[in-house]
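Report on one structure; see the data block that follows.
The values are calculated or read from the model by the stated rules, or taken from the named source; none is laboratory data. On a predicted model such as this, the values are computed, not experimentally measured, just so you know. Here Cβ is always computed from backbone atoms with ideal geometry, including for glycine, and neighbour counts include all displayed protein chains.
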Amino acid sequence: MHDRIEVAPGVFRRVQQSRAVYCGDADDLQAAGLITQDMLPGQHGNPRGMCSYLRNGTRVKRGAISQTAPGHTRIVQIKGKGGTFFEVWVLLSAQRLEAIDAERAATRNLPAIEIGAMVFAGLQSSLEGVAA
């Protein structure tokens, strides 16, 4: 599933397989507390396109095999016509994946909400109790 949720202003999260992928520009990702300026690709001493870090914040050197532990973080720089933005990939623990799956299941079980002629399935309503 590729649910895209805004977790902080300008920062979106989707879950792919066993990792969470956060997308946004450098300032928004820093404001959300996901990265620091010195972790970004292209900063002094870092590779230009991608950097990997252990859970404790130590940068992983090229060729090291340490990408299987929960908390392993990879920061990928993506350049396009709209400018530069980053993806932060974080490997999740089995417990965190179960919690995300439970959250999704709870959302799927919400009743449909009718607004005018439109029906929205699985949304929580802040309009409950409001006269139509």
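Just a few scattered comments:
- The residues of segment 43-62 that are part of a loop (DSSP other than H, G, I, E, B) and within 21 Å of the chain's Cα centre (by Cα), listed by number, are GLY49, LEU54, ARG55, ASN56, GLY57, THR58.
Residues are listed down the side, and each one gets a yes or a no for (1) out of contact with any strand residue (DSSP E or B) (no Cβ under 6 Å at 6 or more places or on another chain); (2) closer than 17 Å to LYS79 by Cα:
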| residue | (1), (2) |
| --- | --- |
| ARG13 | no, no |
| CYS23 | no, yes |
| ASP27 | yes, yes |
| GLN30 | yes, no |
| CYS51 | no, yes |
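- Evaluation of GLU128 against (1) within 24 Å of the chain's Cα centre (by Cα); (2) at pLDDT below 65; (3) of a type in the set (D, E, K, R) (one fails), failing number: (1)
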